[in-house]
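Throughout, read-outs are computed from the coordinates displayed, never taken from laboratory work. Computed from a predicted model, the values in this text were never measured in an experiment. Cβ atoms come from the backbone with ideal geometry, glycine included; neighbour counts cover every protein chain shown.
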Amino acid sequence: MFRLAAVLPPPRTMANQTQVMYAISRILREPTLHFMLLAALLFAINSMFGLGNRNLVEVSRAEIATRVAELEAARGVPLTDEERQQVDESYIREAVLVKEALALGLEEDAVINDILAQKMLHVLSGDVIQPTDAEVEEYYETNQTRYTSKPAVTVNEIVVATAGPLPAAFSALLRDGTPPEQLTSDLRISESVMSEVTLQGLTRIFGVETAALVFSAETGVWVGPHHTARGQHWFQIRERSDSSLSPLEVIRDRVRLDWIREYESTRLEQRFRDIRKRYKVVFTDGNEGL
C-alpha cells in the first residue's frame, strides 16, 4: 500500500490536471485559434511553393531602355532625367496593373483578348527586314499617286455676326475684294486663315455646295455667304496650290515606312495562315470549324 500511494498523485494534483485539460479543450474550440492555424498553414504553403511571389513585380531594364530609345527616336532629342523617370513609373504602373489583372482573372475578356492578339502580331513582325534603295525607288515609282498632293487653296475667312442683310458700305467693300484686315463695320467681325485646304477638307467643314463655291472662286474675290449660328461666313482665296508629286529625296523615309508596312502586312497574313493550320476550331454548338 505504501508503494501504491507513492506513485499515485495526490487528489489536489489530479484536479489541477483536469482543469488544464479542460482549458486546452476550450482553447482548441476557439475560432480565433482555427484562423491563426489556417493562416500559419497558408504561409507555410506559400513559402514552400513560391506563392508569396504573387505580389512580386519584375522590372526589365532592357524593356525600359527600349521604350526610351523609341521615344527619343520619335522626338529626335534625348529625354530629360525627369522624362526618363516618367518612363520608369509608366512601365512599373503597367506591370503592376497587369499583375493585378491576372490575379483577378481578367485575362478572360474580349478586350484583353484583342490586345493579346495585337501583341502577338507585333511578336510575329519583330524581324521585319529593311528595304534596299532599289526596292524603295521601285515602290515609289509604282505608288506615285500616293505621294502626289491634291490641289489646295489658302483661304481668308470672315464671320459677320448677323443673319440679316449687310450694310451697303460693307457689301461694297466685299465686292471690291478688300483684304480682311481693311474691312470695317459696326458689326462684329472675326477673321481667320485656312491654309492649304483641299476640296475634300472644305466639304467636311462647310458641305458640298459651299465647298464647290469657294474652291472654284477666283483669287481675291469674296464669295458667300455661308450661314451658321455664328453668322455669315465669307471666303476669299489668297493663293492656289496645284497637284504635285513630292520628290523621292524629300519623302524617302515615308516611302520606306510605307514599304515596310505593306510588306509586313503581307508577311503577317502568310505567317498567320501557317499558324492557323496548326489549330482545330470547334464551335460551342458542337460542330467542328474549318
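With Cβ to Cβ distances under 15 Å as the rule, what net charge do the other residues near residue 177 carry (K, R +1; D, E -1)?
Net charge in that neighbourhood comes out at -4.
Under Stokes-Einstein, with the Kirkwood radius over Cα pairs standing in for Rh, what whole-number D in µm²/s applies to region 61-108 at 10 °C and 1.306 mPa s? Display every interim value, and only then the final one.
Details: Rh = 11.9 Å.
D, rounded to a whole number, is 133 µm²/s.
With the cut-off at 25 Å, tell me which of the pairs 99/119; 119/277; 99/280 have Cα atoms farther apart than that.
99/280
What does the charge count near residue 133 come to, summing +1 for each Lys or Arg and -1 for each Asp or Glu among other residues with Cβ under 12 Å from its Cβ? Write down the numbers at each step before the final one.
On the way: positive: 252, 256; negative: 135, 137, 138, 249.
Local charge sum for residue 133: -2.
If you count, for each residue, the other Cβ atoms within 10 Å and average over each peptide, how do 251-261, 163-173 line up from highest to lowest?
The densest-packed peptide leads the list: 251-261, 163-173.
Taking the simple approach of a point 7 Å from Cα along Cα-to-Cβ for both residue 74 and residue 208, what is their distance in nm?
3.9
Once fully extended, how much extra length lies between residue 269 and residue 191, figured as 0.36 nm per residue of separation less the alpha-carbon to alpha-carbon distance?
Result for the pair: 23.0 nm of gain on full extension.
Using packing as a proxy for protection, rank 202-208, 59-65 so that the peptide with the highest average count of other Cβ atoms within 10 Å comes first.
My ranking of the peptides, most packed first, is 202-208, 59-65.
If the label point is 7 Å along Cα→Cβ of residue 219, which residues in region 244-262 have backbone nitrogen under 17 Å from it?
244
7 Å from Cα along Cα→Cβ at both residue 61 and residue 95: what's the point-to-point distance in nm?
1.2
Translational diffusion coefficient, Stokes-Einstein: compute it for region 156-241 using the Kirkwood radius over C-alpha pairs as Rh, at 25 °C and 0.890 mPa s, and state it as an integer in µm² s⁻¹.
In µm²/s, the coefficient rounds to 187.
Using a cut-off of 9 Å between beta-carbons, work out the net charge of the residues near residue 219 (Lys and Arg +1, Asp and Glu -1, residue 219 not included). Don't jump to the answer; show the numbers that get you there.
Numbers: positive: 238, 240; negative: 218, 239.
Net of charged neighbours comes to 0.
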